[in-house]
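For reference, the structure is listed below as structure tokens.
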Amino acid sequence: MIQYKTIALIITTGILAVLPQFLNPYWVDVLNNIGIYAILGLSLNIIVGHTGLFNLGHASFFAVGAYTAAILNTQYEIPVLWLIPVCGLSAGLFALIVARPIIHLRGDYLCIVTIGVNEIVRIALINNVFGLTGGSNGIFGIDRPNVFGMTLRTPMEFYYLILAFGAVTIFLFRQLEYSRFGRALNYLREDETAAQGSGINTAHYKLAAFVVGAVWAGMVGNIYAAKMTIISPESFTFWESVIIFVIVILGGSGSIPGVILGAVLVVGLPELFRDLANARMLVFGAAMVGMMIFRTQGLLPQRPRKYTLPQGRRNGEGGE
Amino acid sequence: MEQFLQQLTNGLAVGSIYALIALGYTMVYGVLKLINFAHSELVTLGAYLGLTLLTSLALADRLGPLLGVLLLAVMVMGLIAVVGAMLDRVAYRPLRQSPRLSAVVSALGASIFLQNTIMLIYGARYLNYPHDILPKMTIHMVGIDVPLVRILILCVSILMMGGLFFFIQKTKVGTAIRAAAIDQGAAKLVGIDVNLVVLLVFLVGPALGGAAGLMLGLYYGQINFAMGWSYGLKAFTAAILGGIGNIPGAMLGGLLLGVVEAMGATYISFAWKDAIAFLVLILILIVRPTGLLGERVAEKV
């Protein structure tokens, strides 16, 4: 079983590594977008999928990261990729300050507050808060990132940056999922009262989930800013949050492969429907309803955890 | 002082429209625990259908302005109620037993679908309501001149809300709706047809939303296929502000939000108008986590 998984992993990695060589730059760029949204989806998955917190304002954390990168890069000329930790830190700090007073709110109340935060952030960016965000035009002229002396320009070069970042993300989030922390989040999602009764500090863990998700979204914001070289408030609207949210739920909340598949569908399908022109989003909306009706748990839901008993205790010898 | 009173009446008129929309959110939420994100699109549809019927039937010319608009409102409410019931049948009913967030995604999908349907039918441009439907007169009261349309909107909304309140509190069917909202299983056991209750909620809520859409068209004069989203979001905010699932709460929340927004836009900053509304919401929720009139219940999911 483990061998089979390893082989599948090697093959997938191989395909992903050579894929852009066979595609034109347009489709490589589509893949890049899928990658960015997949990582954003994975970061939201910590909050929505694992902890069960109803966050419809994830784009605000993404925005804080992207604007941190843009402002520090254009004002102080710090190389953009060096700013990745700073972007994560600023988004995480923002999440901590915002989520701290509202973390105890019940599901749907939390939902509207996160939407509200997203709107406030967007309006603040449009109104050129502190004279730093450039108003509704946004910030342009962000430097191209530089990796080991090579400047990344083409979609294909970015593809490998995003792929590498995605691989690190998947690896770390998988570790997180199987850690004590991840199990605590799942417990909290399934039954908050029972989790509290077992000594899990629910407010603390919820806040931690929010901050971890936000930190990651902030770092993705950095890569997004570097890729686009122009960012403006319209990239961080409520609908952006909706797309990330849909990726998580449609793909299968709590499941890493599910979220990635969700990103492929949500970002990729509208590209395939390009021929439909204006009716594209109409079909997309109908597809969202249809997919939820036919796969209510999402396409690849989180599988229940399995624990194998230690060898000798298999056949009913062990007590408990 | 005059500006204050003008903004107060303006805020109350807009707030009563918010309240009507908020009632649609809160009723559906009360019974199904579902945020009907497509409700805002029903409001937009109400505004567009109102315009279509107004221009094609020339009701205002034939019946006189007040009677014409009244008949128009009845027709729009009826049509939107049917659309609302269809929406439930297609997008929500198959998801009754599924995880709540899946139903939310279905609602978001339905919202995108309806919004784009409206855009494909009517186009992406702003459309104008005719200027001369309601007489452009003002009424002098408490020292200021208040436009007639403002007073009409406020009065009609209050009438509708009063009617709804009476319906929910005093009639047998209203009692059934309240029972289904408190405990669906128990409601079934005492012989209430919960499916019928849900259908009723999806008729009444959208009907009020359609009326609100028509009022928005008459009040602002311009409609757009994407307009529902911002009004819907405000109305949802109002529903949460008052305590979601609570009908008087939605009314209170709507009026409060309308006034706060109008005052904020005038005295603080117009550019930050929308942000002020959300800031007020967050501050109130920090103090009262279940809204102004929400019950303090422990959630058991």
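At least 1 residues that are of a type outside the set (A, V, I, L, M, F, W, C), in contact (Cβ under 8 Å) with a residue 60 or more places away in the chain and more than 25 Å from A:CYS87 (Cα to Cα) in each: list the helices (runs of 4 or more DSSP H) lying fully within segment A:155-214 that qualify.
A:180-190
Hey, could you check segment A:235-256 for residues that are in contact (Cβ under 8 Å) with a residue 12 or more places away in the chain and over 13 Å from the mean Cα position of the chain (by Cα) and say which is farthest from the other protein chains (Cβ to nearest Cβ)? I'd like the intermediate steps shown before the answer.
Step one: of segment A:235-256, the residues in contact (Cβ under 8 Å) with a residue 12 or more places away in the chain are A:235-238, A:240-256.
Remaining after also requiring over 13 Å from the mean Cα position of the chain (by Cα): A:235-238, A:250, A:252.
Details: A:SER235: 17, A:PHE236: 14, A:THR237: 10, A:PHE238: 8, A:LEU250: 6, A:GLY252: 10 Å.
Within segment A:235-256, the match that is farthest from the other protein chains (Cβ to nearest Cβ) is A:SER235.
I need the full set of residues from segment B:48-102 which are within 21 Å of B:ASN195 (Cβ to Cβ), outside any helix (DSSP H, G or I) and in contact with a helix residue (DSSP H, G or I) (Cβ under 9 Å, 6 or more places away or on another chain), in order please.
Of everything in segment B:48-102, those that are within 21 Å of B:ASN195 (Cβ to Cβ), outside any helix (DSSP H, G or I) and in contact with a helix residue (DSSP H, G or I) (Cβ under 9 Å, 6 or more places away or on another chain) turn out to be B:ARG96, B:SER98, B:PRO99.
Here's the yes/no breakdown for (1) farther than 21 Å from B:GLN6 by Cβ; (2) open to solvent by 30 Å² or more (accessible area, probe 1.4 Å):
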{"site": "B:VAL204", "(1), (2)": "yes, yes"}
{"site": "B:ALA211", "(1), (2)": "yes, no"}
{"site": "B:GLY245", "(1), (2)": "yes, yes"}
{"site": "B:TYR267", "(1), (2)": "no, yes"}
{"site": "B:PHE278", "(1), (2)": "yes, no"}
{"site": "B:LEU281", "(1), (2)": "yes, no"}
{"site": "B:THR290", "(1), (2)": "yes, no"}
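Do we have A:GLY182 as modelled with pLDDT under 95, open to solvent by 30 Å² or more (accessible area, probe 1.4 Å) and either closer than 12 Å to A:SER43 by Cβ or not β-branched (Val, Ile, Thr) (or both) here?
No, not satisfied.
Need the failing condition index for A:THR114 against (1) within 21 Å of the chain's Cα centre (by Cα); (2) of a type in the set (S, T, N, Q); (3) facing another protein chain (nearest Cβ under 7 Å), just the number.
Going through the list (1) within 21 Å of the chain's Cα centre (by Cα); (2) of a type in the set (S, T, N, Q); (3) facing another protein chain (nearest Cβ under 7 Å), A:THR114 breaks only (3).
Taking into account only those residues within segment A:215-234 that are more than 14 Å from chain B (Cβ to nearest Cβ), more than 15 Å from the chain's Cα centre (by Cα) and assigned to a helix (DSSP H, G or I), which is surrounded by the fewest Cβ atoms within 10 Å (Cβ to Cβ)?
The residue in question is A:MET228.
So, in segment A:235-247, exactly how many residues are of a type outside the set (A, V, I, L, M), assigned to a helix (DSSP H, G or I) and open to solvent by 20 Å² or more (accessible area, probe 1.4 Å)?
Result for segment A:235-247: 3.
Which of the residues that make up segment B:226-268 are away from every other protein chain (no Cβ under 14 Å) and of a type in the set (A, V, I, L, M)?
B:MET227, B:ILE247, B:MET251, B:LEU252, B:LEU255, B:LEU256, B:VAL259, B:ALA262, B:MET263
When residues of segment B:166-202 are filtered for being within 20 Å of B:ARG89 (Cα to Cα), surrounded by fewer than 20 Cβ atoms within 10 Å (Cβ to Cβ) and more than 18 Å from the chain's Cα centre (by Cα), how many remain?
Count: 7.
The values are calculated or read from the model by the stated rules, or taken from the named source; none is laboratory data. A quick note: this is a predicted structure, and the numbers were derived from the prediction, not measured. All Cβ positions, even for glycine, are placed from backbone atoms using ideal geometry, and neighbour counts span all protein chains on display. What goes into the accessible areas is simple: the full protein's heavy atoms, side chains included, and nothing from ligands, DNA or RNA. Shrake-Rupley method; radii C 1.70, N 1.55, O 1.52, S 1.80 Å.
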